[in-house]
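Beneath this line is the structure, given in structure tokens, with notes to follow.
Nothing in this text is a laboratory measurement; each read-out follows from the coordinates by a stated rule. What you are looking at is a predicted structure, and each value in this text was computed from that prediction instead of being measured. Here the Cβ positions follow ideal geometry from the backbone for every residue, glycine too, while neighbour counts run over all protein chains shown.
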There are 2 protein chains.
Amino acid sequence: MALMRKLPIIHERRILNEGTRFQLEQIDLEFGNGARRTFERMPGSGRGSVMVVPMQDAETVLLVREYAAGLHAYELGLPKGRLERGEDVLEGANREMKEEVGVGARRLTLLTKLALAPTYMANMIHVVLAEDLYPERLEGDEPEELEVVPWRLDELNKLVGREDVTDGRSIAALFVTREYLQQRAREA
Amino acid sequence: MALMRKLPIIHERRILNEGTRFQLEQIDLEFGNGARRTFERMPGSGRGSVMVVPMQDAETVLLVREYAAGLHAYELGLPKGRLERGEDVLEGANREMKEEVGVGARRLTLLTKLALAPTYMANMIHVVLAEDLYPERLEGDEPEELEVVPWRLDELNKLVGREDVTDGRSIAALFVTREYLQQRAREA
């Protein structure tokens, strides 16, 4: 853990596909040892996004099955979405959950932040634990209502083996939640 | 789990930024309920990529600290990289590990595949467990030698809380590995 390297110097930045949601940037870097490289990265959109872990009870999380255009498949994972203007992280989490799952939460806790692909993307998603749920549905921009699938946290090993469960951040968030809840129970 | 929805029909696909590594595609979709949407997605590069979990011993994984251009920060995570032409997944895992960690493995096991962002990216990374390690270094295209940081699998909760540990897929892969090794030990 000793060595803390100095960050490389960014000599120049060039934005390549201005105006699209998926902006691309080239940066000319100089590393501490003098090595120079040009890397490409995606600066991402400003407001960030949020992933929610809705707990129906102490053992059971509510997953959603949603069409995933990147894979052209229905995928099982946690509800998530981008933050809207003027919204804080917990508000955004509650809104997304009302839109995708049809529940709100009286207790919301920010657990961690997860990066998408740190080597070339700036995107960060906030992981919010939602407890003490109550029914409430908001209209979102989803093209269809999502199927809600309850899953026990002590059966994550079975979840991970499924063909339709591939989202790295959902899987990470579920394990982080399980660790958090176990630790909270031990400390109670 | 009952409901298996029919996939939406793709009426048209348009490639937007041809020729770059980050191709962008628009697809016109029609969902089972007749709702129509235009989604944007990144088809990704063909060969896929690989993430390696190098186990120094039964309890200790070797992490690397690497410059992450997306966040402009040094990040702690698992070694990973894109597969090269003609290389299978296990070969690619061994090569990346030799380049980034300076070890090869006599025992390689494909554990799972993780998607990056299923809703708009096609990228999939193979997660490979590497055991029975031996010293061997290969020259890669890294601008500098990476610092190697051993970490105990029973201390993943401390890892996840660190500022410089954010990669969702690394975190998912580490928990999946721990589950796998625990189950294997129980069955032995």
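Directionally averaged projected area (region A:1-111, Cα convex hull): 11.4 nm².
Rounded to the nearest angstrom and listed largest first, the equivalent-ellipsoid semi-axes of region A:49-187 from its Cα gyration tensor are 20, 18, 17. What the Cβ-Cβ distance of A:Glu12 and B:Arg106 gives, at R0 = 41 Å and to the nearest 0.05, is a FRET efficiency of 0.40.
Excluding the site residues themselves, the longest part of chain A lacking any GluC sites (Glu not before Pro) in a DSSP loop with at most 16 other Cβ atoms within 10 Å is A:88-135.
Under the simplified labelling scheme, the B:Ala188-B:Asn33 pair shows an inter-label distance of 5.1 nm, with each label point 7 Å from Cα along Cα→Cβ.
Couplings for region B:61-69, taken from phi via the Karplus curve 6.51 cos²θ - 1.76 cosθ + 1.60 with θ = phi - 60°, read 9, 9, 9, 10, 9, 9, 5, 10, 5 Hz in order; Gly and Pro are left as x. The alpha carbons of region A:107-153 occupy a box of 39, 28, 21 Å along the principal axes, longest dimension given first. Here the sum of -39500 (n - 2.57) over DSSP H runs of 4 or more residues, divided by the residues of chain B, equals -6000 deg cm²/dmol at 222 nm, to the nearest 500. Neighbouring Cβ atoms from other chains, within 10 Å of the Cβ of residues in B:176-187, number 2 on average.
Once the Cα atoms are used to define both axes, helix B:89-100 deviates from the longest principal axis of chain B by about 60 degrees. When the Gaussian network model of chain B links Cα atoms closer than 10 Å, the mean-square fluctuations of B:Thr177, B:Thr38, B:Thr109 top out at B:Thr38. Report, in degrees rounded to the nearest 10, the 0 to 90 angle that the Cα long axis of helix B:168-187 makes with the longest principal axis of chain B. Compared with the principal axis, the helix lies near 60 degrees. Each Lys and Arg contributes +1 and each Asp and Glu -1, all at the Cβ; summed about the Cα centre of region A:31-131, the dipole is approximately 540 debye. Averaging 1/r across all pairs of distinct Cα atoms in the protein assembly as shown and inverting the result yields a Kirkwood radius of 21.6 Å.
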